[in-house]
Amino acid sequence: MTFYNRAASVDIELKTGEVLRVRDLRIEFQIEQTNNSTPNKAEIKITNLSDVTRSKMREKDALVRLFAGYEGDLGSVLLFVGNSQRIINSWDTPDIVTQIEAQDGQRSLRETRTSFSYGNNTPANVIVTRLANELGFPLRLNFDIKGSYQGYSFNGRAKDALDELTRRFGYKWSVVNGEIQIIPKDGNTGRAAVLLSPETGLVNTPERLIDQEGEFDEALQNPLEWKITSLLNPRLTPGSLVDLVSKQAKGLFKIEKVRHYGDTRGNDWFSEIEVKSV
């Protein structure tokens, strides 16, 4: 793992199918991702787009893809994909800064409706697969969802049906980079843990999370325990495991929240995670 040559780019796919590609301009970004079904979000700023590109970017729900990383590591890989919700142009003489606010899967989660009825002993997997297909997202599922319905009917938003189903059988779901990810409520993605140490990108000191009264309550159910900062690492995603090696804490932890943030012309190029022990 070698951290050199930061790289970032943005693709914006319009409803016409045209893709606007931004490569060599200043790109600033902040991405927030969690384990729940609330859409993940990104704020992206691009400095000095051409007049033509800015005029084409005005439409809502354009598909926004952000790629970032280190060329000496994974390269510039997909860090976020979602629909634009708001685009603002501001003038900071002599520059023009275009700010894009986007949410992962927002358009489909907001608009997709479904209606169905299943008989007794219908496996939950069958309904989950149907809902993923209707929402238009690939399904990232490394196991069979245990459980079946003894008759089930639904009419409404597909997102609400998936909320209801996963809650009933003890799972959590989210849309991460255009894919539906489902994990057990107290489980993880099943992928290999990411090693975080000073040699693999850990920076600063892991911060012990505390409650509003300034204490960490060991009795709380599944409390978030540590906030950890590393050099930008696309491997850090909600639901994955990290193998933390530091003077303050060691062991396996599950990622509950992720914040990736960077600036191609500034100092920021980091990933910040909040974790709990497993």
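Using θ = phi - 60° and the Karplus form 6.51 cos²θ - 1.76 cosθ + 1.60, what ³J(HN,Hα) does each residue of segment 264-275 get, whole Hz, x for Gly and Pro?
After applying 6.51 cos²θ - 1.76 cosθ + 1.60, I find 5, 10, x, 8, 5, 6, 9, 10, 10, 10, 10, 9 Hz.
Can you give the relative contact order of the chain as a percent, counting alpha carbon pairs under 8 Å and 6+ residues apart? All intermediate terms of the calculation are to be shown ahead of the outcome.
On the way: 631 pairs, mean separation 50.0, N = 278.
Over the chain, the number comes to 18 percent.
Is segment 28-162 best put as rounded, prolate or oblate by its Cα gyration tensor, with a ≥ b ≥ c the root eigenvalues, rounded for a/c under 1.5, and otherwise prolate when a/b is larger than b/c, oblate when not?
Here segment 28-162 falls in the prolate category.
For each pair in Lys56/Lys257; Lys41/Lys247; Lys45/Lys250; Lys146/Lys257, compute the distance between the two Cα atoms and list the pairs where it is over 28 Å.
Lys56/Lys257; Lys41/Lys247; Lys45/Lys250, as the Cα separations exceed 28 Å there.
Quick check for me: using +1 on Lys/Arg Cβ and -1 on Asp/Glu Cβ, what's the dipole size of the chain about its Cα centre, in debye to the nearest 20?
On the way: 36 positive and 38 negative charges, 159 e Å.
Here the chain has a charge dipole of around 760 debye.
Name the long-range amide H neighbours of Val77: under 5 Å, sequence gap of 5 or more, or other chain; modelled H, no Pro or chain starts.
Sorted by chain and number, the residues that satisfy this are Ala68, Gly69.
Students often get this wrong, so try it: which of [x] 23.4, 100; [y] 20.3, 66; [z] 19.2, 63 is Rg and Dmax of the Cα atoms in Å as calculated from the structure shown?
After the calculation, the listed value that fits is [y].
When you count, for each residue, the other Cβ atoms within 10 Å and take the mean per peptide, how do 8-17, 173-182 rank with the highest first? Don't skip to the end; give the middle numbers.
Details: 8-17: 15.7, 173-182: 21.9.
Per-residue Cβ counts within 10 Å, averaged per peptide and sorted highest first, yield 173-182, 8-17.
Out of residues 5 or more away from Lys41 or on other chains, whose amide H comes under 5 Å of its own, with H placed 1.01 Å from N in the peptide plane?
Distant-sequence amide H within range of Lys41: Glu32, Asp104.
Report ³J(HN,Hα) in whole Hz for each residue of segment 73-81, in order, from the Karplus equation J = 6.51 cos²θ - 1.76 cosθ + 1.60 where θ = phi - 60°; Gly and Pro get x.
Those phi angles translate into 10, 8, x, 7, 10, 4, 10, 7, 9 Hz.
Could you give the distance between the Cα centres of segment 245-278 and segment 71-126, to the whole Å?
With segment 245-278 and segment 71-126 each reduced to a Cα centre, they are spaced 22 Å.
Any read-out appearing in this document is the output of simple, stated calculations on the displayed coordinates, not a laboratory observation. Keep in mind that what you see is a predicted model, and the values were worked out from it rather than measured. So basically every Cβ, Gly included, is an ideal-geometry build from the backbone, and we count neighbours across all protein chains shown.
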